[in-house]
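Undergrad: Take this structure first; my questions come after.
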Amino acid sequence: MIAKPQRPPPSGGTNLASCLVATIFLIFILIAIFLVYFILFRPQDPKIAVSAVQLPSFSFSASNATANFTFSQYASVTNPNRATFSHYDSSLQLLYSGNQVGFMFIPAGTIEAQTTKYMAATFHVQSFPLSPSSQALRVGPALEMESRISMAGRVRVLHLFSHHVEAKTRCRIAVLVTDGSIIGFHC
């Protein structure tokens, strides 16, 4: 009977070297995925730009120094991300002398990746007093208000990772009390 030559048992060094090479390869792949994720898909906050403000109806009562009006604001929201921005906690506030005189929830929605969505908000502001001793700017027949837009939501990157993002903007609006015309606004 002819005996087959037997192989010597594998040394522990060969197995260890194979494991080490596989581990280094996996670490390299994980680092590459991490870098691609944070370089290409890094979540960014949306950008809000207010394009116009209008007061379609305005009334001022000189006898009791109060004003009421309808407020309209037009804005664009740009999503710079490579994923859809889902906003759910958004609002528009109107302030006079640091006090809220108008408020509107912005309905939840989505803005597709790398696109701009145009939004219009209109609401009626109930009568409120224009106090000459207030902190607001009221020089002669003009008063100044402030609008604040806040949009919060999330961006889901690669359908795996979800990131909270938020956008805010503030605008100062100067209004002529005599007829409600906008004499200036700055964001």
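Undergrad: What does the accessible area of Cys187 come to, in Å² to the nearest 10, when a probe of 1.4 Å is used?
TA: 70
Undergrad: Of all accessible surface on the chain at a 1.4 Å probe, what whole percent is carbon and sulfur?
TA: Ligands and nucleic acids excluded, carbon and sulfur give 61 percent.
Undergrad: Sticking with this one: Show that you can apply the helix-only estimate: for the chain, add -39,500 (n - 2.57) for every DSSP H stretch of four or more residues, divide by all residues, and state [θ] at 222 nm to the nearest 500.
TA: -5500 deg cm²/dmol
Undergrad: Along the charge dipole of the chain, which of Thr78, Pro43, Leu55 sits closest to the positive end, that is, farthest toward it, with unit charges on the beta carbon of Lys, Arg, Asp and Glu (+1, +1, -1, -1)?
TA: Pro43
Undergrad: Which ³J(HN,Hα) values, rounded to whole Hz and listed in residue order, are derived for region 171-186 from phi using the Karplus coefficients 6.51, -1.76 and 1.60 in 6.51 cos²θ - 1.76 cosθ + 1.60 with θ = phi - 60°, glycine and proline given as x?
TA: Working through the residues one at a time gives 10, 9, 10, 9, 10, 7, 5, 5, 9, x, 7, 7, 9, x, 8, 9 Hz.
Undergrad: Ignoring everything but the protein chains, give the 1.4 Å probe accessible area of Ile31 in square angstrom, nearest 10.
TA: 90
Undergrad: Collect residues whose amide H, placed 1.01 Å from N in the peptide plane, falls under 5 Å from the amide H of Val101; neighbours closer than 5 in sequence don't count.
TA: For Val101, the qualifying residues are Leu94, Leu95, Tyr96.
Undergrad: Skip the ligands, DNA and RNA, and give the accessible area per residue of the chain with a 1.4 Å probe, whole Å².
TA: Ligands and nucleic acids excluded, the result is 64 Å² per residue.
Undergrad: Would you report the distance distribution of C-alpha pairs in region 37-98 as whole percents per 10 angstrom bin, up to the bin with the largest distance?
TA: Here the calculated profile for region 37-98 is 15, 34, 24, 16, 8, 3, 0.
Undergrad: Could you tell me how many degrees, from 0 to 90 and to the nearest 10, lie between the Cα long axis of helix 12-40 and the main elongation axis, the longest principal axis, of the Cα atoms of the chain?
TA: For helix 12-40, the angle is close to 20 degrees.
Undergrad: How much accessible surface area, in Å² rounded to 10, belongs to the heavy atoms of Tyr88 with a 1.4 Å probe?
TA: 120
Undergrad: Related question: Report the one residue of Ala65, Phe161, Ile106 whose Cα lies farthest in the direction of the positive end of the charge dipole of region 45-186 (charges on C-beta: Lys and Arg +1, Asp and Glu -1; origin at the Cα centre).
TA: So the residue we want is Phe161.
Undergrad: Quick one: which residues, 5+ away or cross-chain, put their amide H under 5 Å from the amide H of Ser181? H built at 1.01 Å from N.
TA: Those lying under 5 Å, H to H, from Ser181 are Leu176.
Undergrad: Here is a further query. Remind me, what semi-axes does region 62-187 give for its equivalent ellipsoid, largest first in whole Å, using sqrt of 5 times each Cα gyration tensor eigenvalue?
TA: Here the semi-axes work out to 35, 13, 12 Å.
The values are calculated or read from the model by the stated rules, or taken from the named source; none is laboratory data. A quick note: this is a predicted structure, and the numbers were derived from the prediction, not measured. Cβ: placed from backbone, ideal geometry, glycine included. Neighbour counts: every protein chain shown. These accessible areas exclude ligands, DNA and RNA; they are computed on the full protein's heavy atoms, side chains included. Shrake-Rupley method; radii C 1.70, N 1.55, O 1.52, S 1.80 Å.
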